[in-house]
Amino acid sequence: MPVPVPRQRAIPAVEGGQARAASKVGAMADTASAPGAPAAQTPPSATRDTGALAGSAPLTLLVIEDDPAGSLSVPELLDSAGKPIRVRTARNLTEAGRLLTDDVQCILLDLALPAPGRAVEGDDELATLKRVLRLAPRHAVLALTASEDAERGAEAVRVGAQDYLFRDELDGRLLSRAIRYAVERKRSDTTERQLAEGRVRAQENRRLERGLLPTPLLEGSSLRFAARYRPGRSRALLGGDFYDTVRTPDGTVHAMIGDVCGHGPDEAALGVELRIAWRALTLAGLCGDELLGTLQQVLEHERDSDEIFATLCTVDIAPDGRRAGLCLAGHPTPLIARSGHVAELLPYESGGPALGLLPNARWPRRQVELGGAWSLMLYTDGLIEGRIGAGKERLGQERMVDMVRRQLAQGLSGEELLRAAVNEVRDLNGGELTDDVAVLLLDRGP
């Protein structure tokens, strides 16, 4: 059977609202009921996908009514840009589905139109409207009802229509304004809903990321712990850097810090996996080369590409707190500040490659003397690769050591020291750092 050709007409507007109609549709609720009421204002956040009220394209109205004689005559309509509103007419929902193309912005639905399968849907008087709302969830909908059935029109708005009109009080100016108002209200509602959904997703992501940041397990240890974390991704809480600290039953305190290459969400997820694996393996008794070799297997299994690698620094501090074992996997060596000595970098000549670069790699464990009272700072390269001013020069490890020495001389320690260090690096960079930054500090008092 041939598809019926849509009946479409562009009617020139009439001044003063003197439009001809066989049956008039009247008082639209509240905001557009008075003939002299101003047109609805466009919300600043409105997007262009629901129509062009600014003049880029004329509005198109789809009228759905079932009178074969066409007694419902839509008056001459004009949009806010002075262009005729195009009108299409459908006699049933099947035809409406064919005429509901992308250029339609508003639907005028006669609530008297019977819904297909009404017997199945029961006595719901708004079954047709509900079908239309399901058929056109992104379109503005105006409900048309009898003047003595205002309650039905109000119920239509509660169900999801943007407004309702009375069938026997049709007026061209009023209907034009109602269409513009409905399209703007739908646009505003859609934008507001999208913003609300975005806020909910952002809140959920923040809760998830916050929950993935580690809580140190140091119960029973005399060491003091502090950490500072700043992801490179805008408005994120988690990046490719990761760290953790745990105390095993024998009294040894294990600390680690690492960096997955890149700082997007995939790298953040991989960093979390490596951190959790490190904690589990450490609590299971693995240490040094054996632990790093197992972590490399985890990385190789979980990464999306063979080019992904991760640097890592692990420290295991003896129960007496005076010595530690150090393993480096392509990672910057920690900084130590001992009582009575200037801050300096720990030895790093015997480090191994980053995880994921070489199969069957080895990571020697170096014994380090800490002394009686000390502060040990582990960090990722985001702290030392920030620029100095507008040039290409980087901060580097030597300048970082000088900076920390100066801050320690000012009496800074713990969280205050880390905050000052990260803020100064950011200021030297001339703004926010593009790479993730993680800094971990362990202190042992006299």
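So here's what we get for this one:
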| quantity | calculated |
| --- | --- |
| Near pairs, Cβ below 8 angstrom, 6+ apart or cross-chain, from region 177-206 (outside the structural domain of Asp103 (by TED's automatic domain parsing)) to any residue that is surrounded by 11 or more Cβ atoms within 10 Å (Cβ to Cβ) and of a type in the set (Phe, Trp, Tyr) | none |
| Close pairs from region 250-262: first at pLDDT 95 or above, partner of a type in the set (Gly, Ala, Ser) and surrounded by fewer than 24 Cβ atoms within 10 Å (Cβ to Cβ), Cβ under 7 Å, at least 6 apart | Thr252/Ala318; Val253/Ser221 |
| Residue check, Gly340 under 24 Å from Ser413 (Cβ atoms), in the same structural domain as Ala438 (by TED's automatic domain parsing) and modelled with pLDDT under 95 | yes |
| Hits in region 263-280 - residues which are of a type outside the set (Gly, Ala, Ser), surrounded by fewer than 18 Cβ atoms within 10 Å (Cβ to Cβ) and modelled with pLDDT of 95 or more | Arg279 |
| Pick from region 169-227, criterion of a type in the set (Gly, Ala, Ser), in a helix (DSSP H, G or I) and closer than 30 Å to Ala277 by Cβ, ranking: modelled with the lowest pLDDT | Gly211 |
| Region 287-304: number of residues that are under 21 Å from Pro249 (Cα atoms), surrounded by fewer than 17 Cβ atoms within 10 Å (Cβ to Cβ) and either without any contact (Cβ under 8 Å) to a residue 60 or more places away in the chain or among the hydrophobic types (A, V, I, L, M, F, W, C) (or both) | 1 |
| Some residue of region 235-243 being of a type in the set (Lys, Arg) and modelled with pLDDT of 90 or more | no |
| Residue among Pro332, Pro353 that is under 24 Å from Gly288 (Cα atoms) and either of a type in the set (Asp, Glu) or buried (at least 19 other Cβ atoms within 10 Å of the Cβ) (or both) | Pro332 |
| Filter result for Leu126 (surrounded by 19 or more Cβ atoms within 10 Å (Cβ to Cβ) and at pLDDT 85 or above) | yes |
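For every residue, the table says whether it meets (1) in contact with a Leu (Cβ under 7 Å, 6 or more places away or on another chain); (2) within 21 Å of Cys313 (Cβ to Cβ); (3) assigned by TED's automatic domain parsing to the domain that holds Gly258; (4) surrounded by fewer than 21 Cβ atoms within 10 Å (Cβ to Cβ).
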| position | (1), (2), (3), (4) |
| --- | --- |
| Val368 | yes, yes, yes, yes |
| Gly372 | no, no, yes, yes |
| Met400 | yes, yes, yes, no |
| Val404 | yes, yes, yes, no |
| Gln410 | no, no, yes, yes |
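The values are calculated or read from the model by the stated rules, or taken from the named source; none is laboratory data. This is a predicted model, so every value here is computed, not measured. Cβ atoms come from the backbone with ideal geometry, glycine included; neighbour counts cover every protein chain shown.
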